[in-house]
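Structure first, then comments.
The values are calculated or read from the model by the stated rules, or taken from the named source; none is laboratory data. Remember, predicted model here, so these are calculated numbers, not experimental data. A quick note on method: Cβ atoms are made from the backbone with ideal geometry, for glycine too, and the neighbour counts reach across all protein chains shown.
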Amino acid sequence: MAQRGEASKSNSDLAFVATDTASPHILKFDSSEVGTMVYYRLRWVNTRGEVGPWSALVSAVIG
């Protein structure tokens, strides 16, 4: 889940980005978004579809 701009107050503010089966997962952004802060929460899903807890909120600047 990810969000651009201000830090999220709840998971409902975040948008689903992807389900991935390998690392690394690379997100592509438009050049107009350079310098924008993005926020992520991640979690594991096992082969039975059981989900783990959400990670702490992590931030990054689009570069």
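Taking each residue of the range 41-53 that is without any contact (Cβ under 8 Å) to a residue 60 or more places away in the chain and under 23 Å from residue 10 (Cβ atoms) and looking for partners that are in a loop (DSSP other than H, G, I, E, B) and among the aliphatic types (A, V, I, L, M) with beta-carbon atoms closer than 7 Å, six or more apart or interchain, yields 41/1; 41/14; 41/57. Selection of the range 8-49 for residues being of a type in the set (D, E, K, R) and assigned to a loop (DSSP other than H, G, I, E, B) yields 9, 20, 28, 30, 41, 43, 48.
Please go through the range 1-46 and give me each residue that is acidic (Asp, Glu) and at pLDDT below 85, ordered by number.
Looking only at the range 1-46, we keep the residues that are acidic (Asp, Glu), and these are 6, 13, 20, 30, 33.
Once the filter is applied, which keeps residues that are acidic (Asp, Glu) and at pLDDT below 85, the range 1-46 yields 6, 13.
Residue count for the range 45-63 satisfying the condition of being among the β-branched types (Val, Ile, Thr) and under 22 Å from residue 26 (Cβ atoms): 4.
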